[in-house]
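The values are calculated or read from the model by the stated rules, or taken from the named source; none is laboratory data. Because the structure is predicted, anything quoted here is derived from the model rather than measured. Methodologically, a virtual Cβ is constructed for each residue, glycine included, from the backbone with ideal geometry; neighbour enumeration extends over all protein chains shown.
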Amino acid sequence: MISMVRGEVAVRRPDHVVVLAAGVGYRLAVSSETLRRVPAVGKDVTLHAHLVVREDALALYGFATEEERDLFLLLIGVQSVGPKVALAVLSGATPRELVQALAAGDTARLQAAPGIGKRTAERIVAELRPKLGADTEIVITRAEVADARTLARDGLLELGYTPQEVDRLLDGATGERPEDLIAHALKAARG
């Protein structure tokens with residue numbers, strides 16, 4: 001089972017990326033949330049992965065965080081939700097927002113994703129709400145840290161830094177809030 005792929009981004013498309021690792025190009029289908037965190041072509045990336053084996057194909061799915069992969073696995077465990085529909089759901093919100101929507105029983109939020117009707121959204125909530133249970137807070141807390149880094153990255157890009165500069169400045173930055181990460185990056189830029 002392939003659980004992680006680390007290497008150079010060779011191709012970056014709206015629905016997939018190709019990561020060159022040890023001379024092999026791995027095509028990973030990704031959500032738009034993950035794609036936002038994938039650096040430019042030529043840069044190194046690490047993606048959590050899940051391999052789906054079918055009679056006619058081997059499909060590899062990539063995720064920026066373990067939390068997103070965990071939600072993907074929960075989603076594909078729901079009847080009538082396949083990998084493509086699960087990626088569509090993950091593309092609509094951050095893992096934290098999805099967990100909150102599931103905990104709140106917000107079927108309308110799920111129906112916003114292509115391929116999700118009322119019955120499927122209700123089934124997802126009914127099946128996943130009990131599975132999240134006490135783990136909801138843990139998932140939300142881990143997702144908040146990942147979201148803080150994304151917000152800090154977006155903030156630095158808005159300040160005019162290039163994606164390469166942002167990656168360098170955030171490398172090794174510590175803190176749980178976007179403000180802390182940005183402050184660390186700006187100090188690194190000055191000195």
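I'd like the residue in the range 124-151 that is touching an Asp or Glu at 6+ places or on another chain (Cβ under 8 Å) and closer than 17 Å to residue 184 by Cβ and, out of all such residues, is modelled with the lowest pLDDT.
145
Does residue 39 qualify as being assigned to a loop (DSSP other than H, G, I, E, B), of a type outside the set (Val, Ile, Thr) and surrounded by 13 or more Cβ atoms within 10 Å (Cβ to Cβ)?
Criteria met by residue 39.
Being hydrophobic (A, V, I, L, M, F, W, C) and modelled with pLDDT under 95 is the requirement here; does residue 28 meet it?
Taking the combined requirement at face value, the residue does not satisfy it.
So which residues in the range 42-72 are buried (at least 17 other Cβ atoms within 10 Å of the Cβ) and either closer than 17 Å to residue 92 by Cα or in contact (Cβ under 8 Å) with a residue 60 or more places away in the chain (or both)?
Scanning the range 42-72 gives 61, 62, 63, 64, 65, 67, 68, 69, 70, 71, 72.
Looking at this structure, is residue 52 in a strand (DSSP E or B) and more than 17 Å from the chain's Cα centre (by Cα)?
So residue 52 fits the description; yes.
Here are some conditions: (1) closer than 21 Å to residue 151 by Cβ; (2) part of a strand (DSSP E or B). Residue 8 meets all but one. Which one does it not meet?
Going through the list (1) closer than 21 Å to residue 151 by Cβ; (2) part of a strand (DSSP E or B), residue 8 breaks only (1).
I'd like the full set of residues that are more than 15 Å from residue 115 (Cα to Cα) and either of a type in the set (Lys, Arg) or in contact (Cβ under 8 Å) with a residue 40 or more places away in the chain (or both), limited to the range 73-102.
Matches in the range 73-102: 74, 77, 93, 94, 95, 96, 99, 100.
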